[in-house]
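Peer 1: Okay, here's the structure, questions in a sec.
No lab work stands behind these numbers, since they all come straight from the coordinates. As the structure is a prediction and not an experimental result, all values here were calculated from the model. As a convention, Cβ positions derive from the backbone with ideal geometry for all residues, glycine included, and neighbour counts pool all protein chains shown.
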Amino acid sequence: MNFTYEKTAAIRTKHTIFAGAKKPIGISPWDKTICSKMEAVKKLQMVDLISQYNKIKPEIDQAVQNVITSSAYINGPEVKTFGKELEEYLDVKHVIPCANGTDALQIAMMALNFKPGDEIITASFTYVATAEVIALLQLKPVLVDVNPDDFTIDCDAIERAITPRTVAIVPVHLFGQCANMQRVMEIANAHNLYVIEDTAQAIGADYTMANGITYKAGTIGTIGTTSFFPSKNLGCMGDGGAIFTNDDQLAARIRMIANHGQSVQYHHDDIGVNSRLDSMQAAILRVKLPHLNDYCQARQYAAAYYDKAFANNPKIKTPGRMANSTHVFHQYTLVLNGVSRTALREHLEKKGIPSMIYYPIPLHMQKAYTDPRYKHGDFPVTEQLCDHVISLPMHTEMSDEDLAYIAGSVLEFINK
Ligand SMILES: Cc1ncc(COP(=O)(O)O)c(C=O)c1O
């Protein structure tokens, strides 16, 4: 969906005065003027992939062309090289590229030899893929609530959910910051559990453990998984995913499972799947990986702008920060208090501003995941968040003008 808003020539002139200088973050009277006078056409989107592409177009086009002329479309050298480059970026021993982030989770769980009925603890407030693969493998998803401020898994609730059948914890680094990995690892070590970090939304984030060592998100637990879906912080131009581990044996097993259960061609030692990152996606990711830190910084800048604009407003809660984690803002998600979310979204839509609800229905209230163990009211934080969150446009190409317009439009509605 594309939206448009308008800006006047007068505003454009004023904006150029500020263009060279680093403007202080926040809504200034000047920004408010922009909000009320915008006239010329500009598209606002939740994620602006085209503007991002245009900045690196020659390199991307060349990379794709090289793959075409090489004809090494599957398992070509680009895939191997991208894997190595991502290992270096993440400082992890093994990166195994695969077809998408859902497969990455599934393969991780297959590699750990879980048995049907084994229990896996994960967050009730997440994208469905996390629980989907658990159920698909005939394992038992055990849902626990999340923290109200940072939206990540509630570690006290993890401890309460552990039973003799628990085999693993899957913390989801939701919206771009790590769950409390210090506690997660302490709990996992105390109970001899595996940890699979779902890093689909947080690639590039850093987490510092109590010993002072900083790790990249996804490299602390037994296995980390990620998605390169186009809108992700490191996105390709199709589907893609990867699995990370520091364990040599596990890495070999993951590679084998992702490749039909074979490590020698036509010798199938286990039941596997066919999950490959294709060479074009790998080539595109190789161009984008060196920009990942800048992409994260651009998102952090936008988030800081929003934070300042909405600070101390009793009707809007800005995203809380998890101690010891950086936040790479895959999403910028507000919690509304005493505001009609539907009416706010309609107001924004009229002004050409898209918004999204991540996520509108808690996992335990989804038809496919209905379970006699769970009922409405069991996960109060998740349920409250599903009713009150709203995500604003967040991507790498946001101008101060965009941010002022969006924040100003939200405040115009909230403060009326
Ligand atoms: C938290 C989380 N886990 C897993 C996935 C699955 O990734 P993919 O869409 O690449 O299968 C996503 C994708 O949105 C996600 O957000």
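Peer 1: Can you find, among Q331, L174, P362, the residue sitting farthest towards the positive end of the charge dipole of the chain, where Lys and Arg contribute +1 and Asp and Glu -1 at Cβ?
Peer 2: Among Q331, L174, P362, the one farthest towards the positive end of the dipole of the chain is Q331.
Peer 1: Remind me, relative contact order of segment 55-290 in percent, using alpha carbon pairs under 8 angstrom and six or more residues apart?
Peer 2: 27
Peer 1: Where does each of K84, K315 land when they are ranked from fewest to most other beta-carbon atoms within 10 angstrom?
Peer 2: Least to most surrounded, the residues fall as K84, K315.
Peer 1: Enumerate the amide H contacts of T152 below 5 Å, restricted to partners 5 or more residues apart or on another chain; note that Pro and chain-start residues carry no placed amide H.
Peer 2: Sorted by chain and number, the residues that satisfy this are N147.
Peer 1: Please get the size of the charge dipole for the chain, origin at its Cα centre, with Cβ charges of +1 on Lys and Arg and -1 on Asp and Glu, quoted in debye to the nearest 20.
Peer 2: 1120
Peer 1: What net charge do the residues around Y194 carry, taking every other residue with its C-beta under 11 Å from that of Y194, with Lys and Arg at +1 and Asp and Glu at -1?
Peer 2: Overall, the nearby charge balance is -3.
Peer 1: What residue among M209, H94, H291 has its Cα farthest toward the positive end of the dipole of the chain, where the charges are +1 on Lys, Arg and -1 on Asp, Glu, each on the Cβ?
Peer 2: Ranked along the dipole, the leading option is H291.
Peer 1: Continuing with the same structure: Go through 250-257, 100-107, 361-368 and give me the packing order, highest mean Cβ count within 10 Å leading.
Peer 2: Put in order of decreasing packing, that is 100-107, 250-257, 361-368.
Peer 1: Which pairs break 31 Å Cα to Cα here: K43/K93; K55/K84; K140/K232; K57/K308?
Peer 2: Over 31 Å Cα-Cα: K43/K93; K57/K308.
Peer 1: Calculate how steeply helix 248-258 sits against the longest principal axis of the alpha-carbon atoms of the chain, using the helix alpha-carbon long axis, and give the answer as 0 to 90 degrees to the nearest 10.
Peer 2: Helix 248-258 sits roughly 80 degrees off the main axis of the chain.
Peer 1: State the percent of C-alpha pairs, over all pairs in segment 304-416, separated by a distance greater than 23 angstrom.
Peer 2: 35
Peer 1: Given +1 on the Cβ of Lys and Arg, -1 on the Cβ of Asp and Glu, and no further charges, what dipole in debye does segment 55-290 carry about its Cα centre, rounded to the nearest 20?
Peer 2: 460
Peer 1: Calculate the FRET efficiency for Y266 and Q297 from the Cβ-Cβ distance with a Förster distance of 56 Å, rounded to the nearest 0.05.
Peer 2: Approximately 0.75, to the nearest 0.05.
Peer 1: A follow-up question, please. Under 5 Å between amide H atoms, partner at least 5 residues away or on a different chain: which partners does N259 have, H built in plane at 1.01 Å?
Peer 2: V273
Peer 1: Enumerate the calculated ³J(HN,Hα) couplings along segment 143-155 in order (Karplus 6.51 cos²θ - 1.76 cosθ + 1.60, θ = phi - 60°), each rounded to whole Hz, writing x wherever the residue is Gly or Pro.
Peer 2: Rounded to whole hertz, the list is 8, 9, 6, 10, 6, x, 8, 10, 6, 9, 4, 7, 5.
Peer 1: Across segment 212-257, what fraction of all alpha-carbon pairs, as a whole percent, falls in each successive 10 Å bin from zero upward?
Peer 2: The percentages, shortest bin first, are 25, 42, 30, 3.
Peer 1: Take peptides 384-393, 211-220 and line them up by average Cβ neighbours within 10 Å, highest first, as a rough protection proxy.
Peer 2: 384-393, 211-220
Peer 1: Now a separate question. Considering just Cα atoms, how many Å³ per residue does the convex hull of the chain enclose?
Peer 2: 150
Peer 1: Still on this model: Around H347, with a cut-off of 11 angstrom between Cβ atoms, what is the net charge of the other residues, counting Lys and Arg +1 and Asp and Glu -1?
Peer 2: Here the count lands on +2.
Peer 1: While we're looking at this one, here's another question. At what distance in angstrom do the alpha carbon centres of segment 196-223 and segment 85-158 lie from each other?
Peer 2: 13
Peer 1: With +1 on the Cβ of every Lys and Arg and -1 on the Cβ of every Asp and Glu, and nothing else charged, how large is the dipole of segment 286-416 about its Cα centre, in debye rounded to the nearest 20?
Peer 2: 240
Peer 1: Once the convex hull of the C-alpha atoms of segment 81-151 is built, how many Å³ does it hold per residue, rounded to a whole number?
Peer 2: Hull volume over Cα atoms, normalised by residue count, gives 111 Å³.
Peer 1: Quick check: from the Cα gyration tensor, does segment 109-249 come out rounded (a/c under 1.5), prolate or oblate?
Peer 2: Here segment 109-249 falls in the rounded category.
Peer 1: Sticking with this structure for a sec: Going by average Cβ neighbours within 10 Å, how do the peptides 198-209, 126-137 rank, with the highest at the top?
Peer 2: Those peptides, ordered most packed to least, come out 198-209, 126-137.
Peer 1: As a test of the formula, what do you get for the chain when each DSSP H run with n ≥ 4 contributes -39,500 (n - 2.57) and the sum is divided by the residue count, at 222 nm and rounded to the nearest 500 deg cm²/dmol?
Peer 2: -12000 deg cm²/dmol, from helical runs alone.
Peer 1: Report the relative contact order of the chain, percent, no decimals, based on alpha-carbon pairs under 8 angstrom and at least 6 residues apart.
Peer 2: Relative contact order of the chain: 22 percent.
Peer 1: Right, another one. In the chain, if the dipole is taken from +1 on Lys/Arg beta carbons and -1 on Asp/Glu beta carbons about the Cα centre, which of V64, Y266, I162 is farthest to the positive end?
Peer 2: Highest projection toward the positive end goes to V64.
Peer 1: Next question, about the same structure. For segment 115-164, which semi-axes, largest first and in whole Å, follow from the square roots of 5 times the eigenvalues of its Cα gyration tensor?
Peer 2: Values for segment 115-164, descending: 20, 14, 5 Å.
Peer 1: Taking every pair of Cα atoms in segment 55-290, average 1/r, invert it to obtain the Kirkwood radius, and report Rg/Rh to two decimals.
Peer 2: 0.97
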